[in-house]
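Working notes, beginning with the structure itself.
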There are 2 protein chains.
Amino acid sequence: MVATSQRGWSGEPGELLRVGEGFRLEKVDPDSKPGYDGKKKDGAADLAAGADELDELQERLYAQSREDPSAPSVLLVLQAMDSAGKGGIVRHVIGATDPQGIHLVAFKKPTPEELEHDFLWRVEREVPDAGYIGVFDRSHYEDVLIGKVRGLASDDEIERRYDAINAFEQRVVDRGVHLVKVMLHISSEEQKVRLGKRLERPDKHWKYNPGDVDERLLWPRYMEAFQTVFERTSTPQAPWYVVPANAKWYARVAVQALLLDALERIDPQWPAATFDVEHEKARLAAS
Amino acid sequence: MVATSQRGWSGEPGELLRVGEGFRLEKVDPDSKPGYDGKKKDGAADLAAGADELDELQERLYAQSREDPSAPSVLLVLQAMDSAGKGGIVRHVIGATDPQGIHLVAFKKPTPEELEHDFLWRVEREVPDAGYIGVFDRSHYEDVLIGKVRGLASDDEIERRYDAINAFEQRVVDRGVHLVKVMLHISSEEQKVRLGKRLERPDKHWKYNPGDVDERLLWPRYMEAFQTVFERTSTPQAPWYVVPANAKWYARVAVQALLLDALERIDPQWPAATFDVEHEKARLAAS
């Protein structure tokens with residue numbers, strides 16, 4: 001459900017962006033803004049209004065979990081090519097909520113210790129506890145994206161991983177975690193512009209890595225790997241959403257809408273007091 | 001140094017709030033606003049202006065550390081009686097920066113595993129990595145506050161802990177961590193009002209714990225325990241700051257100023273490119 005305070009939406013982002021039967025990534029226009037009729041300034045206003053809603057829902061989610069360790073949580077999984085805007089989502093969508101309710105993990109190249117374990121080992125430990133909004137900036141999907149494109153594992157192992165991911169995500173969902181899996185989709189041309197800006201500005205050089213161009217040269221193979229990921233791991237309980245991301249403002253308001261949607265489906269409630277309120281008022285008054 | 005954009009300050013919060021020789025907690029008025037001449041609305045404006053500065057300094061701090069694992073970090077330690085406003089600091093001061101550069105840890109009652117180790121074990125593992133702003137919501141000081149007041153350890157053990165804390169903090173500082181240790185100081189009367197509000201509002205009941213009144217009844221002993229903490233652990237390399245906190249807005253702008261001060265002393269710089277910029281521009285153009 002799109003919240004009533006969101007003025008730019010004319011359609012349900014959850015419906016329009018979900019990867020379903022017959023999905024083809026190459027048919028998604030990275031410049032498009034599915035379901036959104038507003039302009040950039042409407043997007044900014046909607047993002048601010050949505051931040052207030054997200055904030056209240058997040059507090060309720062957290063509160064609800066305090067007396068119930070089996071209460072639900074939310075996990076946003078972000079995957080994308082370099083410079084597609086994952087950091088901007090974390091900063092502008094997630095950053096608008098109370099940091100105390102967020103569990104953010106940026107997965108880097110695996111460490112030697114991590115490589116000694118199954119690829120899901122480091123991921124499973126970071127699944128958010130009850131009441132938290134978890135955010136994975138990259139995730140176990142790297143192991144079937146760069147892992148596949150760069151041949152870091154055998155074909156058989158890559159095949160095994162899709163099934164292992166589905167089984168893992170089923171377990172996570174069964175524990176009450178609402179998964180929101182998002183690919184931010186930019187065009188190759190847009191990436192070129194964004195990487196170029198990082199090279200132009202000395203205060204952005206630290207964000208640039210020569211390896212970014214190496215991966216960029218493999219763009220078509222990455223798109224194929226994403227397509228396979230969608231076909232193998234977009235399930236009813238843990239669907240993928242592909243968010244066109246050439247317009248950063250659209251991507252942000254869309255991801256926020258997907259999170260609001262997950263939280264509204266949870267509909268978290270303030271928990272009832274586990275103590276006698278009147279008795280406590282008397283104790284406090286006497287203290 | 002108070003930043004020029006901060007209009008309400010007439011003195012240096014770092015100087016005015018620092019615990020030095022002869023400090024007596026009972027002489028600090030929780031209603032006072034040392035060094036700040038502005039009103040509440042000035043505080044809100046200064047907090048917003050300071051958030052922009054904090055944001056840039058945090059990004060520089062993080063950037064600087066990317067190529068240098070020995071780069072500095074900042075660690076804010078927050079201690080206070082219940083309802084003094086730690087959560088508000090996290091939300092309104094820390095929450096205004098990019099979550100990607102923050103390492104926030106809320107220390108709860110120790111788990112059985114944690115109790116099997118020395119009291120510093122769980123703390124040492126959470127010291128922020130290079131480039132991060134760490135925040136401890138409660139900390140190793142609980143072990144000499146509630147630990148002392150409630151007699152959770154022997155007198156000898158409590159004595160040992162002050163020295164262990166000083167040695168630990170010296171090691172941390174030597175590693176390049178800038179420690180900012182803050183006690184938010186409210187009055188007993190103000191706490192009564194705040195706990196009362198939690199009891200009045202069903203959406204705040206989850207924040208109330210009957211144990212809060214139990215601790216409240218020991219208020220004078222907690223103040224004594226804080227006084228001893230200051231005498232034993234406010235060192236030149238890791239001083240304590242006592243921030244009057246009956247006015248939430250003052251506490252927020254003051255803690256922000258202490259963080260800005262730490263970051264300005266670090267004066268983090270954008271790192272130089274570790275690659276040939278022109279060569280990369282050519283590679284990108286050809287890609």
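Numbers for the structure displayed
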| item | result |
| --- | --- |
| Which listed residue is closer than 30 Å to A:P220 by Cβ and among the aliphatic types (A, V, I, L, M), from A:L57, A:L16, A:L61, A:L47 | A:L16 |
| Helices (runs of 4 or more DSSP H) enclosed by the range A:187-236 - at least 2 residues per element that are in contact (Cβ under 8 Å) with a residue 12 or more places away in the chain and open to solvent by 30 Å² or more (accessible area, probe 1.4 Å) | A:188-200, A:219-233 |
| Selected residue (criterion: most open to solvent (accessible area, probe 1.4 Å)) from residues of the range B:253-278 that are more than 14 Å from chain A (Cβ to nearest Cβ), assigned to a helix (DSSP H, G or I) and of a type outside the set (A, V, I, L, M, F, W, C) | B:R265 |
| In the range A:202-219, the residues that are aromatic (F, W, Y) and within 15 Å of A:K192 (Cβ to Cβ) | A:Y208, A:W219 |
| Scan of the range A:91-127 for residues that are out of contact with any helix residue (DSSP H, G or I) (no Cβ under 9 Å at 6 or more places or on another chain) and within 13 Å of chain B (Cβ to nearest Cβ), ordered by number | A:H103, A:K108 |
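Listed here are the residues, each with its yes/no results for (1) among the aromatic types (F, W, Y); (2) modelled with pLDDT of 95 or more; (3) open to solvent by 60 Å² or more (accessible area, probe 1.4 Å).
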{"residue": "B:M1", "(1), (2), (3)": "no, no, yes"}
{"residue": "B:Q6", "(1), (2), (3)": "no, no, no"}
{"residue": "B:G11", "(1), (2), (3)": "no, no, no"}
{"residue": "B:L16", "(1), (2), (3)": "no, yes, yes"}
{"residue": "B:E26", "(1), (2), (3)": "no, yes, yes"}
{"residue": "B:K33", "(1), (2), (3)": "no, yes, yes"}
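The values are calculated or read from the model by the stated rules, or taken from the named source; none is laboratory data. Here the structure is a predicted model, which means the values were calculated and not measured. Cβ: placed from backbone, ideal geometry, glycine included. Neighbour counts: every protein chain shown. Please note that ligands, DNA and RNA were not included when accessible areas were found on the heavy atoms of the full protein model with its side chains. Shrake-Rupley method; radii C 1.70, N 1.55, O 1.52, S 1.80 Å.
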